[in-house]
Amino acid sequence: MVIHSGSLIQLSAWLLTLGALIGLLVSVVLLIARKYRVAAKVLAISLAAVGVYAVAATAISWLAPQKIIKLGDSYCWDSWCMGIERVNSTFRGREVEYKVDAHIFSEIGPNAKASASDASVLLLDERGRRFPLVNDPSVIPFDTSLGSGQSIRTTLTFVAAADAGHLFLTGEPRPPLPVRIPLAWRFFVLFMDLHFGYEHLSHKPTLLRVL
């Protein structure tokens, strides 16, 4: 079974991102034209829209149940999809190495590419402990760009504590850009995070069950 993320939330994030960027550009143009009062109003409306979205997303995150995808099913974040097919474990003292066989595919439209290049994957246990992906150059990278209808099968390696009772795979945005970047780029990154991180902003992130 293929389960899709909420399209309404995604559309809202896209519209908010676009509207906020347009509002910011319009306010800059108005400032250049010395229409300070109008520029302030446009900027205030743009910031208010971002604030309302953030408050609504926080409220939903408290009320909505967390979605957990069972082994064998797939989940699509927008047009990039992943499913866990098999899990092999090897005990190593107080740790366990997990080899997670994943099926990754794209539902993007023609003449376009989908990938998870802006995200990283990790394991979470029932205590909230995080176990990062172990680099393995012998397998196909999980963030390989895929065209319409393309798919890959790869293996993700993690090392987790042996006392972890339940493990779940999830993703998160990659670390932000370096500190010393232009102010304009900081605004751009902030607004783009409203889209790429919409699932984290709007509700508890979806988890893929591993153990």
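Structure summary
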| quantity | calculated |
| --- | --- |
| Point-to-point label distance, LEU71-ALA112, nm (Cα→Cβ direction, 7 Å offset) | 3.4 |
| Over the stretch 26-136, equivalent-ellipsoid semi-axes from the Cα gyration tensor in Å | 43, 20, 15 |
| Spin-label model distance (nm) - MET1 vs VAL134, 7 Å beyond Cα toward Cβ | 3.2 |
| Estimated distance in nm for a label pair at GLN150 and ALA49, the labels positioned 7 Å out from Cα along Cα-to-Cβ | 3.4 |
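Every number in this text was worked out from the coordinates using simple rules, so none of it is lab data. Because the structure is predicted, anything quoted here is derived from the model rather than measured. Quick reminder, even Gly has a Cβ in these numbers, built from the backbone with ideal geometry, and neighbours come from all protein chains shown.
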